[in-house]
Amino acid sequence: MRGIFITLEGADGCGKTTQAGPLADALAAGGREVVRLREPGGTPISEKVRALLLDPANAAMAAECELMLYEASRAQLVREVIEPALARGAAVLCDRFYDSTYAYQAGGRGLPDELVRRANALGSCGLAPDRTLVLDLDPELAYARATAGGADRMEAEGLAFQRRVRDAYLRLAAEEPDRVRVIDASGERDEVTARLLAAVADLGTA
Ligand code: TMP
């Protein structure tokens, strides 16, 4: 059985972390091993890189340094965890992957699109998700939710940054409509889970 690689995406506060649990449970009910991961992170090395990336004390971090740290964390996760899991036939559910880098480092930070795409090719070791679910919520609402308990280094960039992130996700969905699906993240938790499941049903997840 071939593995399935699904990624969850969206601006901060869109609710994807809340949805990862029920989505993973539903995938497991289909009889597959499910490996749930988050980026940046998911291996001891990648978690150390995550701490560097999110520490508000690192306000001086250059955009290029930030880009390469996200890619470094990703490459380790792909080689150490994702590739072996897919080879076993698992369903890998990853909270963020290279589309986050496009949305945040190209969209949010304004690094050139082509540069970020090349960096993504390296950081992902050439691996692409089978399906990417972008949870879409009104940016003001999402931002208020994300920062209710304080802001990490990325969230501290503010609402205009989050709007650019959202716009970049919508551009990706328009570019790759088969892989990247925009899911309405408003409404009850169960309703959103049902929308997510419907958007992966054709992948043989049931
Ligand atoms: P999280 O809050 O979903 O755990 O993600 C961590 C933060 O890092 C979030 O603000 C999005 C940001 N991020 C990027 O800017 N680029 C990336 O490539 C990834 C994976 C996350």
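The values are calculated or read from the model by the stated rules, or taken from the named source; none is laboratory data. Just so we're clear, the structure is a prediction, and the values are computed from it rather than from any experiment. Here the Cβ is made from the backbone with ideal geometry for all residues, glycine too, and neighbour counts use every protein chain on show. The accessibility values were calculated without ligands, DNA or RNA, using every heavy atom of the protein model including side chains. Shrake-Rupley method; radii C 1.70, N 1.55, O 1.52, S 1.80 Å.
In a reduced charge model with +1 at each Lys and Arg Cβ and -1 at each Asp and Glu Cβ, the chain shows a dipole moment near 400 debye about its Cα centre. In this structure the range 1-106 gives 39 Å² per residue of accessible area when probed at 1.4 Å with all protein chains present. Projecting the Cα positions of GLY13, VAL49, ALA106 onto the charge dipole of the chain (unit charges on Cβ atoms of Lys, Arg, Asp and Glu, taken about the Cα centre) puts VAL49 furthest along the positive direction. Applying 1/(1 + (r/R0)^6) with r as the Cβ-Cβ distance of ALA63 and LEU141 and R0 = 22 angstrom yields a FRET efficiency of 0.20.
Under the membrane-span-like helix rule (DSSP H runs whose alpha carbons stretch at least 18 Å along the helix axis, mean Kyte-Doolittle hydropathy -1.0 or higher), the chain yields 16-29, 63-77, 159-175. In whole Å, how far is the Cα centre of the range 1-35 from that of the range 75-89? Cα centres, the range 1-35 to the range 75-89: 16 Å. For GLU188 and GLU47, FRET efficiency with R0 = 35 Å and r from the beta-carbon atoms, rounded to 0.05? Once rounded, the FRET efficiency stands at 0.60.
Segment ARG171..ALA128, full-extension length gain: 13.7 nm, with 0.36 nm per residue of separation and the alpha-carbon distance subtracted.
Amide H contacts for VAL35 (H built 1.01 Å from N in the peptide plane; partners 5 or more residues away or on another chain; cut-off under 5 Å): ALA91, VAL92, LEU93. The stretch between ALA87 and ALA198 holds 37.5 nm of extra length on full extension. This uses 0.36 nm per residue minus the Cα-Cα distance. Would you mind telling me the share, in percent, of accessible area of the range 4-203 contributed by carbon and sulfur at probe 1.4 angstrom? Carbon plus sulfur share of accessible area: 55 percent.
As I understand it, the dipole of the range 4-203 uses +1 on the Cβ of Lys and Arg and -1 on the Cβ of Asp and Glu, about the Cα centre. Which of GLY150, ASN120, VAL165 lies farthest toward its positive end? Checked the options; the winner is ASN120.
Dividing the summed -39500 (n - 2.57) terms of all DSSP H runs of n ≥ 4 by the residue count of the chain sets its mean residue ellipticity at 222 nm at -14000 deg cm²/dmol.
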